């Protein structure tokens, strides 16, 4: 859920994600069991499992960069898990899963072009790993879509990726609180008044949307809880 990133915390994913789902996660870094599980998930997505494992290692190193707090390996794992819940929705599940791997592969909290740079990275690394040209283009398109989280009607792949990415907004209250705290830590250099103003603006924009989730599953299972969490956080920020 990310609008454009900015130093005052105005960014959709830096002010929102969730869904009775993956918690907002601790700081980056990997552990062997998590790395092995994620690498195993990458292998079926590319023709050559050896190339797939090498690509997973490169991307996991990016997701584990020390400046990441929310946008770290646990977020990647959570998005992939949410895609499992949405498995019957996308037209090209492999492209959507690869887009999940790449969607925050480049992440600088102060930058406004993370999605574009992540898409370009996909366009560079996927062909080298043997990914067909058509699927590479599909992945790059989906990664760019996470800048707005506004898929066109009927874009089943875009709907699935965006809903999975924003599922954190619908987490149980404690998980949502952890998520919000992790986002704040990523913007630790931003003064509190500026952050609160920017974050509140993002929350209001999200609450003004007719729907946060585009898939039937997301609408049914995540929408009401996400709106409750957003309203509660907004109230805290504006007290």
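Computed from the coordinates by the stated procedures, all read-outs in this text should not be read as laboratory data. These numbers come from a predicted model, not from an experiment. Glycine gets a Cβ as well: all are built from the backbone with ideal geometry, and neighbour counts include every protein chain shown.
Values for this structure:
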| quantity | calculated |
| --- | --- |
| Proportion of all alpha-carbon pairs of segment 32-237 beyond 24 Å (%) | 40 percent |
| Degrees, to the nearest 10: 192-208 long Cα axis against longest axis of the chain | 70 degrees |
| Sorted peptide list for 65-71, 229-235, criterion being average Cβ within 10 angstrom, highest first | 65-71, 229-235 |
| Rounded tilt (10° steps) of 156-166 against the dominant C-alpha axis of the chain | 50 degrees |
| Candidates 227, 62, 205, ranked by Gaussian network fluctuation over the chain, Cα under 10 Å, top entry | 205 |
| Nearest-ten-degree value, helix 173-186 long axis tilted from longest Cα axis of the chain | 80 degrees |
